[in-house]
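Every number here is computed from the coordinates shown, using simple stated rules; none is lab data. Treat the numbers as computed from the prediction; the structure is a model and nothing was measured. Note: ideal-geometry Cβ built from the backbone for every residue, glycine included; neighbour counts use all protein chains shown.
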Amino acid sequence: MLACVCGRARPSRKEVASALRLRPVSVGDAVAELLSQGLLREGTEVRSPGRRGRPEIILETNWDRAVAIAIHVESRDLRGALVNWSGGVIAEQTVPVAAAATRAAFVDRLRFLIAELSRRRPPGSDLLGASLALVGTVDARRKKWVSSARWPGVSGLDLAALEQSLGMKLLVSRVLDVELADRIARLADDGRGQILLFHWGYGIGAAYAHAGKVLSSTLGRFGEIGHTRLGAGANKRCPCGGAGCLETEAALWALLPALNDLPAGRAASAPVPDTEAGIVEFLRRTDVVKSQVIQRALGHVQMGLLNIYEILHPDRILLIGPFIEIAAIRERLVQGFRDALPAYARNAVEITWAQGGFRGCTEGGTRPMFQEWLQQRMKERT
């Protein structure tokens, strides 16, 4: 019954009865239960003005009956959204977190963001909890942020303790894992085969799924291609504690000094943006894609993509990130990657790309909470 109403634009009771081939009295009983739970709302509407007869009773899904907060890391920001159970965004807010933040400072920013979004929930709605999509090493089972090169002082953060103090359910995961899981959920084939999500932006990383299931490890780390070592001669220090990591040559955080030193960077009225959305706009309005800085970084990323492909051999590769959104960069990356493959593999892998950042973290992060909540509502009916 609920699925029938959700899939239609304000159907009448009569239309629902016809679609489900049920007697009006059966429809009335089911609707009464859903109305009592607040899952449906009803009103009246005259569908054919000028015709005689009683107005029809119209049913609407109350999408705001349940809401949840989705928070994910992007660059050095926490991006939050309050969403309803249709995935609709009710409110959004972003808070920056300083590179030198301690665990206490990070928790303060997180609490502030959750409080600001919580107070904007619609009247009568249930707030189910918050999803946190993080970077680095994330122990989702124990809800612990093991390590973060982006915020070294936050490493070891116990999010289970935060969950208890907030009195609110927290789902903890990696950004790339949530993004890939959300995109798989939208595929018609349920993610058949092997899929690699490869991100090139503020950092460099990957997520991998086999037969629709995103893989992880007991350590809470997987697909960290950005922290693989480039070899002899590469000795730049990385915030992860190592030296010669791929990120030190190609991640946005590492490229910023060189980009600011280019003519386009020096001519700008402000420093080159250190956010993923900002760098897209900067690259689109300048010609720095032809610079040695970008071309050198592109070569390193191309090699990183080739290496992770040779290890995992996915059927599909999904590219994501601000550099990927620039056609000249993306096309050269894909062409160079394909040219480096053995002849038998060049047409065996499908490569696509996504734009707009980590959109899947908003709906994908909260989806498990809404599914559990809706299942519980359906059990209460029985």
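What to note about this one:
- Computed packing ranks the peptides 137-143, 158-164, 360-366 as 360-366, 137-143, 158-164, most packed first, by mean other Cβ atoms within 10 Å.
- Compared with the dominant Cα axis of the chain, that is its longest principal axis, helix 327-340 is turned about 70°.
- Positive end of the dipole of region 189-353 (Cβ unit charges, origin at the Cα centre): among ILE204, TRP253, ASN235, the Cα lying farthest that way belongs to ASN235.
- Computed from the Cβ-Cβ distance with R0 of 35 Å, the FRET efficiency linking LEU35 to ALA185 stands at 0.75.
- Of all lysines in the structure, the ones whose alpha carbon falls short of 17 Å from that of LYS169, not counting any fewer than 8 places away in one chain, are LYS143, LYS144.
- Packing-based order for 280-290, 238-248, using average beta carbon neighbours within 10 Å, highest first: 238-248, 280-290
- Length released on extending from GLN355 to ALA91, taking residue separation times 0.36 nm less the Cα-Cα span: 92.9 nm
- Between ARG120 and ALA140, the C-beta separation translates, for a Förster distance of 30 Å, into a calculated FRET efficiency of about 0.65.
- Placing +1 on the Cβ of every Lys and Arg and -1 on the Cβ of every Asp and Glu, with no other charges, gives region 189-353 a dipole of roughly 260 debye about its Cα centre.
- Top of VAL16, VAL97, VAL172 by mean-square fluctuation, Gaussian network on the chain, Cα under 10 Å: VAL16
- Fraction of beta bridges assigned by DSSP in the chain that are antiparallel (%, nearest 5): 65 percent
- Given R0 = 30 Å, the distance between the Cβ atoms of THR218 and GLU310 translates into a calculated FRET efficiency of 0.75.
- Scoring 225-232, 322-329 by mean Cβ neighbours within 10 Å over their residues and listing the highest first yields 322-329, 225-232.
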